[in-house]
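J.: Got a structure for you, questions after.
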Amino acid sequence: MIIRSVKSGDIRPSEITSKTNYLDRRSFLQGGLLAGASVLAGPTAAAIIPEGRRAKLEGVQASAFSTMEEPNSYDDVTTYNNYYEFGTGKADPHRRAQDFEPRPWTIEVSGHAEKTGTFDLDDIVKEHALEERIYRLRCVEAWSMVIPWVGIPLADVIKQFKPLSTAKYVVFETLLDKGRMPGQRSRVLRWPYIEGLTIAEATNPLPILAVGLYGEVLPNQNGAPLRLVVPWKYGFKSIKGIVKITFSETQPRTSWERAAYTEYGFYANVNPDVPHPRWSQARERRIGFGGNGLQSIFSSAKQDTLMFNGYGEHVAHLYDGLDLRKNF
Ligand SMILES: Nc1nc2c(c(=O)[nH]1)N[C@H]1C(S)=C(S)[C@@H](COP(=O)(O)O)O[C@H]1N2
Ligand SMILES: [Mo]
């Protein structure tokens, strides 16, 4: 099988975006292997998250779900962020999350599942193999990036906790700690940040719990030590700094719905046909490319936004019979 195992030592972050890797990935996809996660089951190495800023992740496997688009630069991905716990400006998380200490870290798992309790992050991730998933991220603010995440499939983590048949939703919460997250002193959102998925969405092969990017541990500003990535939904669904996972019978009220329920719905599927009440969602600006730093957002050209952010073949069936204008 043509699975490229990326080991630290023989690859540097800058090389992950190299043309060779890009072409490898393309021939892999052209080999017709994009059938589903089952073909990707390679040797399972215990995932270990090393400590320390910019520490390399070992034994990362490539994924057929990765996009073939050129990833954004490390600088784009780590200096232009949304993380209101560290301020509402795009440059705030990069500046203000530097001293955040993401370890040790525990996750509380509760609700309608057989296995609940408080788990050390390492005890959850060591059950899984690490994958690089290069995904588009489309923000509700009509910009996008391409980010080489490293993570574990959310579906596998869900299985690990054995949800009951009454578990209809999976709810995620970010750390609540005004001392460590100064943005929580502002009332711009209800804290803690809350997000949720239906159980069908959460067990789809696409979402991952990311522990890294560019082959290294996740920077604080991108949600260290653990954040969700749901590539067919607007970026705000991809909650950062997760400390709590709840299996719920009822649909949660998310932080963004509480902030403005007419603007931010529970589903939040990327949809060029449903405008935000205050702006169109038909097009998007790709951050970077043709400039650098913050200036580039003004210079880069716009491109059409794709239904489900281009991931429709994998997720459109989840919404059969649902009116996506009402359920935005
Ligand atoms: N806890 C938390 N998670 C969050 C946010 C936030 O403010 N707080 N912002 C969201 C939004 S709007 C986007 S677009 C993505 C941005 O992820 P990135 O900065 O890693 O690119 O994170 C999402 N996750
Ligand atoms: Mo966003």
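J.: Go through region 153-162 and give me each residue that's surrounded by fewer than 23 Cβ atoms within 10 Å (Cβ to Cβ) and in a strand (DSSP E or B).
T.: none
J.: Can you tell me which of Arg253, Arg180 is surrounded by fewer than 22 Cβ atoms within 10 Å (Cβ to Cβ), among the basic types (Lys, Arg) and within 14 Å of ligand 1 (Cβ to nearest atom)?
T.: The unique qualifying residue is Arg180.
J.: Cβ-Cβ below 7 Å, separation at least six or inter-chain, first residue in region 47-58 and over 20 Å from Ala97 (Cβ atoms), second of a type in the set (Lys, Arg) and part of a loop (DSSP other than H, G, I, E, B): which pairs?
T.: Listed by first residue and then by second, the contacts come to Ala47/Lys126; Ile48/Lys126; Glu58/Lys7.
J.: Collect the residues in region 194-250 that are on the phi > 0 side of the Ramachandran plot and away from ligand 1 (no atom under 14 Å from the Cβ), keeping them in residue-number order.
T.: Within region 194-250, Gly215 is the sole residue that qualifies.
J.: Let me ask another. Just wondering, is there one or more residues in region 174-189 that are part of a strand (DSSP E or B) and within 21 Å of the chain's Cα centre (by Cα)? Give the derivation first.
T.: If we filter region 174-189 for residues that are part of a strand (DSSP E or B), which is where we start, we get 174.
Checking the rest, the ones that are also within 21 Å of the chain's Cα centre (by Cα) come to 174.
Yes, because at least one residue in region 174-189 is part of a strand (DSSP E or B) and within 21 Å of the chain's Cα centre (by Cα).
J.: Would it be correct to say that Ile158 is at pLDDT 95 or above and within 16 Å of ligand 1 (Cβ to nearest atom)?
T.: no
J.: How many of the residues making up region 211-254 are within 16 Å of ligand 2 (Cβ to nearest atom), of a type in the set (D, E, K, R) and assigned to a strand (DSSP E or B)?
T.: Here the count works out to 2.
J.: Only one residue in Val140, Val150 is in contact with a His (Cβ under 8 Å, 6 or more places away or on another chain) and under 24 Å from Thr79 (Cβ atoms). Which one?
T.: Val140
J.: Would you point out which residue out of Pro71, Pro13, Pro93 is within 16 Å of ligand 1 (Cβ to nearest atom), open to solvent by less than 30 Å² (accessible area, probe 1.4 Å) and modelled with pLDDT under 50?
T.: Pro13
The values are calculated or read from the model by the stated rules, or taken from the named source; none is laboratory data. Worth saying up front: this structure is predicted, and the values here are computed from it rather than measured. No Cβ is skipped: glycine too gets one built from the backbone with ideal geometry, and neighbour counts run over all protein chains shown. All accessible areas refer to the heavy atoms of the entire protein, side chains included, with ligands and DNA or RNA removed. Shrake-Rupley method; radii C 1.70, N 1.55, O 1.52, S 1.80 Å.
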